[in-house]
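These notes concern the structure reproduced below.
The values are calculated or read from the model by the stated rules, or taken from the named source; none is laboratory data. None of the values given here were measured: they were computed from a predicted structure. Using ideal geometry, Cβ is built from the backbone for each residue, glycine included, and neighbour counts are taken over all protein chains shown. These area figures cover heavy atoms from the full protein model, side chains too; ligands, DNA and RNA do not enter into them. Shrake-Rupley method; radii C 1.70, N 1.55, O 1.52, S 1.80 Å.
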Amino acid sequence: MAKEIERKFLVCDDSYREAASGSVEMSQTYLSTAIDATVRVRIAGDRGFLTVKGRNDGIVRDEWEYEVPANDARQMIDRCAQSPVISKTRYRAGRWEIDEFHGCLEGLTVAEIELSDPDEHVDLPTFIGKEVTGDPRYYNSSLAKTGEIPD
């Protein structure tokens, strides 16, 4: 079983684009948004993924992610979605993943960093704004359900 240890921040400017080593278009939906068993299907570029996440314990939670055929992922999105589809562009800048959301979430940009330990110190780049780690309104599953940018 894998553990995800992650902090999440709002982004205050687009300087991450200059630091980015690349980007990928993503679409994703949820097969379950239950707190104890969030199940996501995602297409990232031309690859499909199925991810199961457990309940958060602070910034740590169980996570299992499996690559699946992209066509299977598309069919799951079309036939099994329990939430609207989220579309976003993900940029990678060093260890940071920065998501620019599209559609009804246009204007929301969030940066995440995965840590090796919950107490790991992180130097924050200039594009990092308010921390929203642990705020359930910024979980992707919540954003998919509400279709609204939190206040």
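List of remarks:
- Unsatisfied cross-links (Cα-Cα over 22 Å) in the set 53/88; 3/130; 88/145: 3/130
- Neighbourhood net charge (14 Å Cβ-Cβ; Lys/Arg +1, Asp/Glu -1) for residue 98: -3
- For residue 120, net neighbour charge (Lys/Arg +1, Asp/Glu -1) across residues whose Cβ lies under 15 Å away: -4
- Segment residue 14-residue 66, extension gain: residue separation times 0.36 nm, minus the distance between their alpha carbons: 15.6 nm
- Solvent exposure ordering (accessible area, 1.4 Å, most first) of 91, 16: 91, 16
- Length-normalised contact order of segment 1-123 in % [C-alpha pairs under 8 Å, at least 6 apart]: 32 percent
- Averaging the Cα positions of each part gives two centres, and for segment 1-42 and segment 95-146 these lie 7 Å apart.
- Angle between the chain longest axis and helix 70-80 axis [Cα atoms, degrees, rounded to 10]: 70 degrees
- Cα gyration tensor shape of segment 1-123, rounded if a/c is under 1.5, else prolate or oblate by comparing a/b with b/c: oblate
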